[in-house]
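Below is one structure, written out as structure tokens; comments come after it.
The values are calculated or read from the model by the stated rules, or taken from the named source; none is laboratory data. Here the structure is a predicted model, which means the values were calculated and not measured. Please note: Cβ atoms are built from the backbone with ideal geometry, for glycine as well, and neighbour counts cover all protein chains shown. Just so you know, the surface numbers come from the protein's heavy atoms only, side chains and all, with ligands and any DNA or RNA stripped out. Shrake-Rupley method; radii C 1.70, N 1.55, O 1.52, S 1.80 Å.
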Amino acid sequence: MFADRSNWNLSPNALTEALERCRAAGKRILDLTVSNPTECGFVYDEKEILAALSQKASLTYEPDPRGLLSARRAVANYYRDFGAQIPVDDIFLTTSTSEAYSFVFRILCNPGDELLIPEPSYPLFDFLAEIQDVKLVRYPLVYDHGWQIDFHGLERAITSRSRGVIVVHPNNPTGQFCKRAEIAKLSELCSSQGLALIADEVFLDFGLMGEKPATFASNSPTLTFTLSGISKICGLPQMKLAWIALSGSQALKQQAASRLEVISDTYLSLGAPTQWALPQWLETGLMFQNQALERIKSNLAELDRQLGEQHVCSRLIVEGGWCAILRVPSGSTDEELGIQLLEWEGVLVHPGHFYGLPQRGFLVVSLLATAEVFTEAIRKLLALVIT
């Protein structure tokens, strides 16, 4: 009765089962996997956010497959701060970046076609691809005093069924931004191979190195789909608004836009109130970004302080985003260590292999936790790992 594509293994993994046991027992959990900003104690301008949803224009239905013009203008203004000039007709609004991915996958790939994704990377890609009957092929990121694309590995991964390359900028969980030279080389490679470039920039505003990062949104050498949204920019995942920005040659943009328009017009999934609210939300988003960056930098400094008091564990360089990767002794698998941390110390972390890191030697921790929780959790983590 059901399609093979939906025949997922839904059995909980060992860490999830351990977490359920701890919660059932009433155990206090220090959560270093938290990624929902609305549960992290940040202060929001509630009056402004809610007032933006009360506009009278929301009572009128004006369907536009690209999204309301005022909202697309707000997105274009957002990119001007990054030095990119995006025509409003090259912007398509969606309810989420996941939906944006599904639209892009649909116009690029026939069943069984391939998209190249970085490894390490976020595990949600597997489900997004399977739902669209797309095959994912990994290309490596390598760590050598910082993360970088292994272009030799990327070129070897390209086949006759390859349709595009996904890049996450900055990557989750590595926190690596593509440097301008990498962007140019990646664009040249995609152009020469006839591949589209799909750039996920949801964490673009959370750089930690001082210099404002480049955006793929004005990329011209090859057809590029740049994805982002207010889930991270404004810390409002519950409001469900994201977008696709097209760039590249005019001919390819027109072909992509005509196809995206049909898909978007078929669903028209985005509501009017959030679209009318977007300009105001993007203006108030800086309040969240400043708090989040202050929290991330403070927790990163605390992590470095505690790491500096021992010589067993270390962290990898992170340039942006909301998490950090710890290098730990590899005497047991990362999942076994994660379960020990949870059951013995009440500390919840992500094993590195969840993101495609080796199964031994790496843990991923969120930098969004409150200072009190983060400080205590890292202290307990290091105490267990060192002993």
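The table below gives the values:
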read-out: Filtered residues of the range 180-222 (kept if acidic (Asp, Glu) and under 21 Å from residue 76 (Cβ atoms)); value: 200, 201, 205
read-out: Single match in 175, 164, 112 (criterion: open to solvent by less than 10 Å² (accessible area, probe 1.4 Å), outside any helix (DSSP H, G or I) and over 28 Å from residue 350 (Cα atoms)); value: 164
read-out: Residues satisfying the stated conditions in the range 58-81, i.e. among the hydrophobic types (A, V, I, L, M, F, W, C) and either at pLDDT below 95 or within 19 Å of residue 284 (Cβ to Cβ) (or both); value: 68, 71, 74, 75, 76
read-out: Residues (in contact (Cβ under 8 Å) with a residue 40 or more places away in the chain, over 23 Å from residue 358 (Cβ atoms) and touching a strand residue (DSSP E or B) at 6+ places or on another chain (Cβ under 9 Å)) located in the range 119-165; value: 130, 158, 159, 161, 162, 163, 164, 165
read-out: Selection count, the range 105-142, where residues are farther than 24 Å from residue 253 by Cα, touching an Asp or Glu at 6+ places or on another chain (Cβ under 8 Å) and β-branched (Val, Ile, Thr); value: 2
read-out: Tally, over the range 323-344, of residues that are touching a residue at least 40 places away in the same chain (Cβ under 8 Å), more than 28 Å from residue 127 (Cα to Cα) and open to solvent by 30 Å² or more (accessible area, probe 1.4 Å); value: 4
read-out: Residues (farther than 13 Å from residue 153 by Cα and open to solvent by 30 Å² or more (accessible area, probe 1.4 Å)) located in the range 115-131; value: 122, 123, 124, 126, 127, 130, 131
read-out: Number of the condition not met by residue 159 [criteria: (1) β-branched (Val, Ile, Thr); (2) outside any loop (DSSP other than H, G, I, E, B); (3) open to solvent by 60 Å² or more (accessible area, probe 1.4 Å)]; value: (2)
read-out: Subset of the range 36-88 [of a type in the set (D, E, K, R) and assigned to a helix (DSSP H, G or I)]; value: 39, 46, 47, 48, 56, 72, 73, 80
read-out: First in the range 311-322 and farther than 9 Å from residue 176 by Cβ, second anywhere and open to solvent by 10 Å² or more (accessible area, probe 1.4 Å) and aromatic (Phe, Trp, Tyr), Cβ under 9 Å, 6 or more apart; value: 316/143; 316/147; 316/362; 322/203
read-out: Total residues in the range 1-46, condition of a type in the set (D, E, K, R) and surrounded by fewer than 10 Cβ atoms within 10 Å (Cβ to Cβ); value: 3
read-out: Meets criteria (open to solvent by less than 80 Å² (accessible area, probe 1.4 Å), touching a residue at least 40 places away in the same chain (Cβ under 8 Å) and within 24 Å of the chain's Cα centre (by Cα)) for residue 49; value: yes
read-out: Of residues in the range 182-209 being open to solvent by 80 Å² or more (accessible area, probe 1.4 Å) and not acidic (Asp, Glu), the one nearest to residue 318 (Cα to Cα); value: 209
read-out: The range 370-384, residues that are surrounded by fewer than 23 Cβ atoms within 10 Å (Cβ to Cβ) and under 25 Å from residue 319 (Cβ atoms); value: 370, 371, 373, 375, 382
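Conditions tested, residue by residue: (1) farther than 30 Å from residue 385 by Cβ; (2) part of a strand (DSSP E or B); (3) touching a helix residue (DSSP H, G or I) at 6+ places or on another chain (Cβ under 9 Å).
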residue	(1), (2), (3)
226	yes, yes, yes
244	yes, yes, yes
289	yes, no, yes
301	no, no, no
306	no, no, yes
309	no, no, yes
